[in-house]
1. In the range 232-250, what residues are in contact with a strand residue (DSSP E or B) (Cβ under 9 Å, 6 or more places away or on another chain) and away from the ligand (no atom under 16 Å from the Cβ)?
2. Let me spell it out: the conditions are (1) within 30 Å of residue 92 (Cα to Cα); (2) out of contact with any Leu (no Cβ under 7 Å at 6 or more places or on another chain), and residue 197 meets all of them except one. Which number is the exception?
3. Taking only pairs six or more apart or across chains, which ones have beta-carbon atoms under 7 Å, a first residue in the range 1-20 that is closer than 11 Å to residue 34 by Cα and open to solvent by 60 Å² or more (accessible area, probe 1.4 Å), and a second residue that is not aromatic (Phe, Trp, Tyr) and not in a helix (DSSP H, G or I)?
4. What pairs come up if the first residue lies in the range 105-123 and is closer than 25 Å to residue 87 by Cα, the second is among the polar types (S, T, N, Q) and open to solvent by less than 10 Å² (accessible area, probe 1.4 Å), and their beta carbons are under 9 Å apart, counting only those six or more places apart or on different chains?
5. Sort out for me the strands (runs of 3 or more DSSP E) sitting completely within the range 78-184 that have 1 or more residues that are within 11 Å of the ligand (Cβ to nearest atom).
6. Pairs only if they're at least six apart or on different chains, beta carbon under 8 angstrom, first in the range 153-169 and under 17 Å from residue 141 (Cβ atoms), second at pLDDT below 95 and of a type in the set (Asp, Glu); list them, first residue then second.
7. Here's a check for you: in the range 190-218, which residue that is of a type in the set (Phe, Trp, Tyr) and in a loop (DSSP other than H, G, I, E, B) is surrounded by the most Cβ atoms within 10 Å (Cβ to Cβ)?
8. Among the listed residues 135, 104, which satisfies the condition of being open to solvent by less than 10 Å² (accessible area, probe 1.4 Å) and touching a Leu at 6+ places or on another chain (Cβ under 8 Å)?
Amino acid sequence: MSRLAVLGYPIGHSRSPAMQNAALAALGMGEEWRYEAIEVAPDAFEARVREMPGEGFAGANVTVPHKGAALALADTLSETAREIGAANTLVFADGEIRADNTDAGGLLSALPSSPAGKRTLVLGAGGAARAVVWALLREGAEVEVWNRTERRSASLCEELGGQPVAAPDQANYELLVNTTAVGLRGEDPFAELPLDPGRFAPEQVVADLVYGQEPSRLLAAAAAGGATVVDGIEVLVRQGALSLQIWTGREAPLDAMRAAARR
Ligand code: ATR
């Protein structure tokens, strides 16, 4: 039996076990592989990870609040994980812990087309924003970053690139990505973010990393304005697909993963 897991704190809400076990079953690997959820507090994280290879784990996903700690404890880092400064995927092989980040590639593969050359607004400057800004710049997008706390968007752009923006003009962007937590607890995105529900347009793509309530109020308004929308579940599925590929070497069954993640 090869084991996989997602580590977080809390972890009860995670859709990754259902999604990844559905993927393993669809690939005919359900007998030999199992994916579970492990709740672990920050002070116990490193010790727990170091036990995993000896317990039959081949790899793990890491989510909030452990993405920085996962990077710090790894023996080898992918270029993506190192540059973003966070890891969401660990591989246990050859007596080593390798760290990777599939959040960046997951966002890119969830988008309907390449963001190269597109005027882009990223909302937020936390951990999720770092992967998004890094991915978009890497693809050649023009990136502006708005954050409630301006000093955080300024320092994110200093480190990764992009331009901080205090009062973005919504109509000016071809791609808008919400990485803030707004919406998670039922907040009104149009009260908390510099966006107007009536000003989305058909040529825009709007992505919202928040999931839970589908569609989010942000995406419902964007779709009503004719924009193309990408929801947080699709981004979750795509990052999960890339992680599964790293662990198993197999092409991920996206439809089975989507169906399980949305159930
Ligand atoms: P994550 O790793 O998920 O990005 P985080 O580092 O806690 O988590 O970042 C959360 C992001 O959501 C931040 O950009 C935060 O803005 P601040 O830097 O100003 O705190 C943003 N956020 C959370 N609640 C918000 C709200 N009510 N209005 C606007 N932004 C909010």
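1. Matches in the range 232-250: 234, 240, 242, 243, 244, 246, 247, 248.
2. (1)
3. 1/32; 1/34; 1/56
4. Pairs that qualify, where the first residue is closer than 25 Å to residue 87 by Cα and the partner is among the polar types (S, T, N, Q) and open to solvent by less than 10 Å² (accessible area, probe 1.4 Å), are 106/88; 106/243; 121/170; 122/153; 122/178; 123/178.
5. The qualifying strands (runs of 3 or more DSSP E) are 119-123, 142-146, 175-178.
6. Going by the 8 Å Cβ cut-off, there are no qualifying pairs.
7. So, considering only residues that are of a type in the set (Phe, Trp, Tyr) and in a loop (DSSP other than H, G, I, E, B), the one surrounded by the most Cβ atoms within 10 Å (Cβ to Cβ) is 200.
8. Going through 135, 104 in turn, just one is open to solvent by less than 10 Å² (accessible area, probe 1.4 Å) and touching a Leu at 6+ places or on another chain (Cβ under 8 Å): 135.
The values are calculated or read from the model by the stated rules, or taken from the named source; none is laboratory data. As the structure is a prediction and not an experimental result, all values here were calculated from the model. Here the Cβ is made from the backbone with ideal geometry for all residues, glycine too, and neighbour counts use every protein chain on show. Accessible surface areas use protein heavy atoms only, side chains included; no ligands, DNA or RNA. Shrake-Rupley method; radii C 1.70, N 1.55, O 1.52, S 1.80 Å.
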